[in-house]
1. For residues in segment 1-29 being free of Cβ contacts under 8 Å to residues at least 40 places away in the same chain and of a type in the set (Gly, Ala, Ser), which is surrounded by the most Cβ atoms within 10 Å (Cβ to Cβ)?
2. Please specify each residue of segment 45-92 satisfying the condition of being small (Gly, Ala, Ser) and farther than 21 Å from residue 126 by Cβ.
3. Quick one: is residue 80 farther than 28 Å from residue 31 by Cα and either surrounded by 11 or more Cβ atoms within 10 Å (Cβ to Cβ) or within 10 Å of the chain's Cα centre (by Cα) (or both)?
4. Taking the condition of being over 12 Å from residue 76 (Cβ atoms), open to solvent by 60 Å² or more (accessible area, probe 1.4 Å) and either of a type in the set (Gly, Ala, Ser) or touching a residue at least 24 places away in the same chain (Cβ under 8 Å) (or both), how many residues in segment 30-41 meet it?
5. Hey, residue 110 hits all of (1) touching a residue at least 24 places away in the same chain (Cβ under 8 Å); (2) within 20 Å of residue 48 (Cα to Cα); (3) surrounded by 17 or more Cβ atoms within 10 Å (Cβ to Cβ) but one; which does it fall short on?
6. Restricting to segment 86-100, name every residue that is open to solvent by 70 Å² or more (accessible area, probe 1.4 Å), assigned to a helix (DSSP H, G or I) and in contact (Cβ under 8 Å) with a residue 12 or more places away in the chain.
7. Taking residue 103 as the residue in question, decide whether it is farther than 27 Å from residue 6 by Cα, open to solvent by 30 Å² or more (accessible area, probe 1.4 Å), part of a loop (DSSP other than H, G, I, E, B) and of a type outside the set (Ser, Thr, Tyr).
8. What is the residue count in segment 113-125 for residues that are open to solvent by 40 Å² or more (accessible area, probe 1.4 Å) and in contact with a strand residue (DSSP E or B) (Cβ under 9 Å, 6 or more places away or on another chain)?
Amino acid sequence: ASVCRLYREARSSRLPLLPLVLDFAWPTAPYGMALRRPGAYDRLKCDTTLALGVVHYLVFMQKLSFDTIAEIISNYTKKVSIVEFAPRNHSYVAQLIRPEHTWYELDNFIRAFKKHFSKISLYDAKPPRKLLFCMK
């Protein structure tokens with residue numbers, strides 16, 4: 001519902017914004033005759049990507065690693081990505097985290113993004129969350 005609302009508002013205001021819904025972990029592959037239609041990474045690559053309030057769900061519900069999340073976000077990003085990280089003491093994370101998630105730490109998250117982005121700046125968001133500003 002929120003994506004539909006954003007789409008309508010962006011369209012009526014003529015904003016250069018295209019809100020979409022797709023399965024982050026399973027982007028569409030090239031398709032069509034001789035695979036001439038490009039896959040999601042090529043069709044949807046943007047100057048700037050936002051990943052707000054989703055990382056902990058991708059980790060705990062989709063079972064994705066930080067490396068996989070960073071790679072997928074990088075595949076959609078031409079220039080900049082702004083990514084939110086909710087640490088262990090965040091109320092939602094505290095409910096989902098298990099003893100086997102010892103690797104779920106901000107330093108490991110940053111390390112994964114450094115493999116795909118040349119510069120990363122860290123900012124405080126609504127406590128205890130952090131924002132990574134990642135530049136290609």
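1. 10
2. Matches in segment 45-92: 65, 70, 74.
3. No: the conditions fail for residue 80.
4. Total meeting the criteria: 1.
5. Among (1) touching a residue at least 24 places away in the same chain (Cβ under 8 Å); (2) within 20 Å of residue 48 (Cα to Cα); (3) surrounded by 17 or more Cβ atoms within 10 Å (Cβ to Cβ), the lone unmet condition for residue 110 is (1).
6. 92
7. So residue 103 passes the test.
8. 8
The values are calculated or read from the model by the stated rules, or taken from the named source; none is laboratory data. Small disclaimer: the values here were computed from a predicted structure and weren't measured. Glycine gets a Cβ as well: all are built from the backbone with ideal geometry, and neighbour counts include every protein chain shown. All accessible areas refer to the heavy atoms of the entire protein, side chains included, with ligands and DNA or RNA removed. Shrake-Rupley method; radii C 1.70, N 1.55, O 1.52, S 1.80 Å.
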